[in-house]
1. Suppose accessible area is computed on protein heavy atoms with a 1.4 Å probe; arrange His381, His457 from highest to lowest.
2. For Thr403, enumerate residues with amide H under 5 Å from its amide H, sequence gap 5+ or separate chain, H modeled in the peptide plane.
3. Which semi-axes, in whole Å and largest first, does the equivalent ellipsoid of segment 455-554 have when worked out from the alpha carbon gyration tensor as the square roots of 5 times its eigenvalues?
4. Once ligands and nucleic acids are excluded and a 1.4 Å probe is used, how much of Arg495 is accessible, expressed in Å² to the nearest 10?
5. In terms of the Cα gyration tensor, with a ≥ b ≥ c the square roots of its eigenvalues, is segment 263-322 rounded because a/c is under 1.5, prolate because a/b exceeds b/c, or oblate?
6. Of Gly484, Gly529, Gly466, which is farthest on the positive side of the dipole of segment 462-562, counting Cα position, with +1 on Lys and Arg Cβ, -1 on Asp and Glu Cβ, and the Cα centre as origin?
7. Residues with beta-carbon under 12 Å from that of Lys563, excluding Lys563: net charge, scoring Lys, Arg +1 and Asp, Glu -1?
8. Can you give the net charge of the other residues whose Cβ lies under 9 Å from the Cβ of Arg396, counting K and R as +1 and D and E as -1?
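The values are calculated or read from the model by the stated rules, or taken from the named source; none is laboratory data. Source: prediction; values computed, not measured. All Cβ positions, even for glycine, are placed from backbone atoms using ideal geometry, and neighbour counts span all protein chains on display. These accessible areas exclude ligands, DNA and RNA; they are computed on the full protein's heavy atoms, side chains included. Shrake-Rupley method; radii C 1.70, N 1.55, O 1.52, S 1.80 Å.
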Amino acid sequence: MTILTPTNNHGGNTANEVATQGGSPIDEATLNRLAGEFFANIPGAAQMASHFLPSLGGLAASETHAPSAHSNGVPGNTVPVLETYQRPGAVPATAQAEPARLAQGMPANFAPALPQYGTANVPSDQPYYFLSADNQFGSADHQLDNLAGLAINGGDQSYVAQSFGLPGQNPLQAKARSIPDHSATKEPEKNSFSPSLVSFRQGPESHFYFEQANQLYWDQAPAVRQQHSGVQAPFDINAVRSDFPILAERINGKQLVWFDNAATTQKPQSVIDRICYFYEHENSNIHRAAHELAARATDAYEGARQKVAHFLGAASVNEIIFVRGATEAINLVAQTFGKKFIAAGDEIIVSHLEHHANIVPWQQLAAEKGAIIRVIPVDDHGQILLDEYRKLLNHRTKLVAVTQVSNALGTITPVKEIIELGHRAGAKVLIDGAQAVSHLAVNVQALNADFYVFSGHKVFGPTGIGVVYGKKALLDQLPPWQGGGNMIVDVTFERTQYHDAPARFEAGTGNIADAVGLGAAIDYVQKLGLEKIAAYEHALLEYATHGLKTIPGVRLIGTAHEKASVASFVLDGYSTEEVGKALNEEGIAVRSGHHCAQPILRRFGVEATVRPSFAFYNTCEEIDRLIAVVRRLANAKK
């Protein structure tokens, strides 16, 4: 079955008219049966059907099976579902949808960020989209926005049937495509940043930042208003949002907007469920027992290691070490590689962009060993100066440690070139991927990195789990950095024999459950597809950047040619804490402060910034809410 979704909110065709135009008519009984099958496939189906379509209430209930263990959010309240219903957290089939159909003149890299739901002024006390007599759609907080989306068909306004893989969809879909809409289009208001009214067109002289080699994007491709809206994302953004239960939270009475993704990402239901399942059915220590639960726990833990190895493109699972996070990962390399291979007079190179976690451990090591730290400078946009980096390299350089994506500015660094140049000088190279793995596809073999580190909580996984990738031949040369159980082959009072990597570096009982949760998070991200995620997040960043630039008194901090989803800024007349507090009052979560990256902020003459950072579950509508608050603050200072 299909839901018929108009490309504007003024269509006048009723369900009966849809059913009788062109071809064989579909009688009312057939429509009732199909509608019943559709509503029965939604959590809360019986209640909804009886509310909106009383004649279908019995049908919705009668065609369901035994109650599911999954509730509709009310404790103890389970709802009947069809056998095809996916449990919360499962990646919806629509996540693998076809590429979006774009409006004429709509650049492919921006289009995915536009929302796919209508903005009609209809009552919002019902939680579901529905077809009413005048074909308008209503929702409460867009909880099921995936059930209806607006689409552009060759630039013309027309009805578009959106498939949900339900019985009887083809006849209705064919009829919906043939129904024109003659309603007028409302002229957009000036200075409005509604996602349903604004899009960006690529003109002859404008290029997008990841397509143009020598010019900065942010001062080009001006905003051009379009009268069309609702281009589909490369995945079903509304279905994806429903996978993250925390997004339904209300803060100060407002729907939560989570723009603090660079600090930590939210967790899909599949990750939450996987961790719960581990503690309910698999909980045990690993590797050293003959009982069933130990075998299950070991399989789950080592299975997660395999997923990480595949995710990073590692040559072997033996190159993956589980730690608590990227900070511990860098400290592990400093205390093993650093202590063995770095001596007095040797040099360690970092960049000006680094998080404190990729500065302090090297300072401590340098102080202990008598080594020297060199810093790669950046330009006024926050971009690595490769020519200056070349000048720093010499025969004394033993290690280069740089971030792939700046947590404070969003700058994407040229890590492949950095690694290649470092290797030419005989140095080993560590890449801090904490901010990269949720935005970019990573292949450590293609990069030829010696070490690569990241944190699970930055890629929609649990806190307290992270990863060190290291080339196997290099890891086997390194001493353990902690001693205890699990990392030994044999112990006597005279000597200890250690395991090879990775067990050599995993002393004691590890964070088994959260490693398993990280594996589930990787599954989720890979099912969506990092290329689709990157395209959508780039569009969000462009949208936010253009919006913020129009506000008097806003200064963007970090305007690199290549950026990930960070839009740091300061606002004249306000401290970053004041801006953060005002946003929080509207339910919008951002980070304000120095972001554990004081050197790079001081490079730009500031001590702190407001840092909204985006993920694939964010929308243009949420960005509009942020821009509205910042604009209100700016206007108050006029």
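1. Numbers: His381 60, His457 40 Å².
Accessible-area ranking of His381, His457, largest first: His381, His457.
2. Result for Thr403 returns Ser351, Asp432.
3. On the way: eigenvalues 369, 47, 34 Å².
Result for segment 455-554: semi-axes of 43, 15, 13 Å.
4. Result for Arg495: roughly 130 Å² accessible.
5. Working: a/c = 2.64, a/b = 1.12, b/c = 2.36.
It comes out oblate by the Cα gyration axes.
6. Gly529
7. On the way: positive: none; negative: Glu537, Glu542, Glu562.
Neighbour charge sum, excluding Lys563 itself: -3.
8. Numbers: positive: Lys398; negative: Asp346, Glu347.
Surrounding charge for Arg396 is -1.
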